[in-house]
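Data first, discussion second: the structure below is written as structure tokens.
The values are calculated or read from the model by the stated rules, or taken from the named source; none is laboratory data. This is a predicted model, so every value here is computed, not measured. Because the Cβ atoms are built from the backbone with ideal geometry, glycine has one as well, and the counts that use them run over all protein chains shown. These area figures cover heavy atoms from the full protein model, side chains too; ligands, DNA and RNA do not enter into them. Shrake-Rupley method; radii C 1.70, N 1.55, O 1.52, S 1.80 Å.
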Amino acid sequence: MGSALTTIGLPVALGIIMLGLGLSLTLADFARVLKQPKAVIIALLCQLVLLPAICFGLVLAFQLPPILAVGMMMLAASPGGTTANLYSHLFRGDIALNISLTAVNSVIAVITLPLITNFAIAYFQPFDDTLGLQWSKALEVFAIVLLPVALGMIVRRFWPTFADGMDKPVRIASVIILIVVIAGAVASNWALLVANFSQLALITILFCVISLSIGFLVPRWLRVGKRQSIATSFEIGIHNATLAIVIAQSVLGSVELSLPAAVYGVLMFFIAFGFGFLIRDRVAAQNPDAASTVRDGS
């Protein structure tokens, strides 16, 4: 088990992040899914089916130790992070689609994350006992993921002015707290992280690049719009590493299980930033007029 900073601080940080997400959500964001079902269905199938299958293949190919293999599968099962909205905004993706996908993914993850994690635990058997995400622990996942979001949505529903005013401070606070907590977690587990970094760096980089590529190319092949494809790319490619770390350390009580998400969480920011410029240039090469529209945000 990690220090008090990670066992208490990480869930608090994640709770604030999810509360901030809830402050920006309304029921209309869920209803909007019905207006562009094609993009949503493609994105969900990629994230919930294709990516876990690809991650499973990567884990087998890299022959990771069982505990790290389960950590990778847990990362693959994690929904898109709120950071995806920021990247989509920077590279002129469809923000409304991002918000809708994040909302829907957060709900679905309550079911799919325990299922995929339990499958990985049963297959790789990293523990001496039968520890897994039983129903009681699945309820903890529910509480960690959905309750702060629901609270934020309730605040926005009844006190919209207050929610608008708190949106930016909550986002800033969540980033500051998250940086402090992750820095503390890295410091307290430095030797463990360094010992496994070389083993995890390549597979996490490869998984991130594949996730981003699938999120952009599959929708484009299926004739989804460019701005929607940019949005799905970041939504699928930027996993909620914080959620995976919290479940690994706070719910399952394993620091080692959280290592893949920790390494991914550091490298992902740089990879996603570079990928954003790559797909922007790809749009520019294929259609200069469309690229101009993307850059202008019109």
Selection from region 227-248 of residues that are open to solvent by less than 10 Å² (accessible area, probe 1.4 Å), of a type outside the set (A, V, I, L, M, F, W, C) and out of contact with any strand residue (DSSP E or B) (no Cβ under 6 Å at 6 or more places or on another chain): 229, 232, 233, 237, 239
Residue that is farther than 20 Å from residue 147 by Cα, modelled with pLDDT of 80 or more and not charged (D, E, K, R), where the choices are 5, 75: 75
Selected residue (only one of 224, 218, 209 is of a type in the set (A, V, I, L, M), in contact with a helix residue (DSSP H, G or I) (Cβ under 8 Å, 6 or more places away or on another chain) and open to solvent by less than 20 Å² (accessible area, probe 1.4 Å)): 224
Residues within region 66-117 that are under 19 Å from residue 257 (Cα atoms), touching a residue at least 60 places away in the same chain (Cβ under 8 Å) and open to solvent by 20 Å² or more (accessible area, probe 1.4 Å), tallied: 4
Residue check for residue 59: closer than 23 Å to residue 114 by Cβ and open to solvent by less than 10 Å² (accessible area, probe 1.4 Å): yes
Failed condition for residue 189, given (1) exposed (fewer than 15 other Cβ atoms within 10 Å of the Cβ); (2) modelled with pLDDT under 75: (1)
Residue pairs meeting the criteria (Cβ under 9 Å; at least 6 apart or on separate chains; first within 22 Å of residue 79 (Cα to Cα), in region 149-173; second assigned to a helix (DSSP H, G or I) and open to solvent by 90 Å² or more (accessible area, probe 1.4 Å)): 153/27
Residue match in region 33-51 (condition: open to solvent by 30 Å² or more (accessible area, probe 1.4 Å), at pLDDT 70 or above and either in contact with a strand residue (DSSP E or B) (Cβ under 9 Å, 6 or more places away or on another chain) or not in a helix (DSSP H, G or I) (or both)): yes
